[in-house]
Structures are given as structure tokens and as C-alpha cells.
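Below is one structure, written out as C-alpha cells; comments come after it.
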Amino acid sequence: MRVLLTTYGSRGDVAPLVELGVQVQALGAEVQVCAPPDQEFAELLAGVGVPLAPIGQPVRPPVSKATPPAAADLPPRAAELVAAQFDTVAAAAEECDALVATGVMPTGV
């Protein structure tokens with residue numbers, strides 16, 4: 001059985017899928033997680049043996065800036081993320097038996 005878990009958000013969005021991935025692997029399934037390509041998430045997943053399919057831009061840089069992104073920047077960023085989800089999730093989900101999507105932008109799943 002192949003299972004794809006996908007989210008886009010902060011550690012609070014990714015960490016529960018890491019644990020879910022570990023538990024699903026323990027049941028004998030092949031698991032992959034689509035999540036932002038932040039180094040923190042890549043290391044977290046690698047540490048438990050769950051492969052990462054990076055999706056979109058890293059989350060950390062925009063949210064850690066002293067000045068948040070301007071409101072005018074948000075619609076183009078959201079459109080870019082939706083497009084990335086369609087491409088990345090569709091490819092990662094090939095031949096999957098189950099797909100779980102969470103987070104702020106499960107569009108495209």
C-alpha cells in the first residue's frame with residue numbers, strides 16, 4: 001500500500017504528518033510526505049525515514065521577516081502555491097492507495 005500525506009504550513013502543520021507517516025509505515029505501508037522544502041522539515045522527515053516530496057517555496061523566510069509580505073503579494077503567492085500543488089501532488093500521488101491533505105492550502109489535492 002502507498003500513502004501520500006500532504007500539507008503546506010509551519011511545523012505545526014508538518015509535525016503531525018511526520019508522526020502519522022511513522023505510524024503508517026509501522027503498519028507496513030510505503031509513505032511519502034509533500035511539505036514545504038524548509039531544511040527543518042527535510043531533516044525532521046529524514047530523521048524518521050519518511051521521504052519528502054518538496055512542494056512550493058519554503059515557509060520560514062516569509063514568516064520570519066521583520067516586515068511581513070504586503071497584502072498585494074499574497075494573491076500571486078497563493079496562485080503559485082496552488083499551481084505547485086497540482087504539479088507536485090499529482091506526480092507524488094501516482095499509484096497511491098490513499099491521500100491525506102491538511103494545512104492552510106490543500107487546494108489541488
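Taking into account only those residues within the range 24-48 that are surrounded by 14 or more Cβ atoms within 10 Å (Cβ to Cβ), out of contact with any helix residue (DSSP H, G or I) (no Cβ under 8 Å at 6 or more places or on another chain) and farther than 20 Å from D97 by Cβ, which is modelled with the lowest pLDDT?
Taking the candidates together, the pick is P37.
Out of curiosity, is G21 exposed (fewer than 15 other Cβ atoms within 10 Å of the Cβ) and either assigned to a strand (DSSP E or B) or of a type outside the set (V, I, T) (or both)?
Answer is no for this residue.
Please determine whether any residue of the range 55-68 is modelled with pLDDT of 80 or more, in a helix (DSSP H, G or I) and under 10 Å from the mean Cα position of the chain (by Cα).
no
I'd like the residue in the range 1-18 that is in a helix (DSSP H, G or I) and of a type in the set (G, A, S) and, out of all such residues, is surrounded by the fewest Cβ atoms within 10 Å (Cβ to Cβ).
Per the criteria, the residue is G12.
The values are calculated or read from the model by the stated rules, or taken from the named source; none is laboratory data. Quick caveat: nothing in here was measured; it's all calculated off a predicted structure. All Cβ positions, glycine included, derive from the backbone under ideal geometry; neighbour counts span all protein chains shown.
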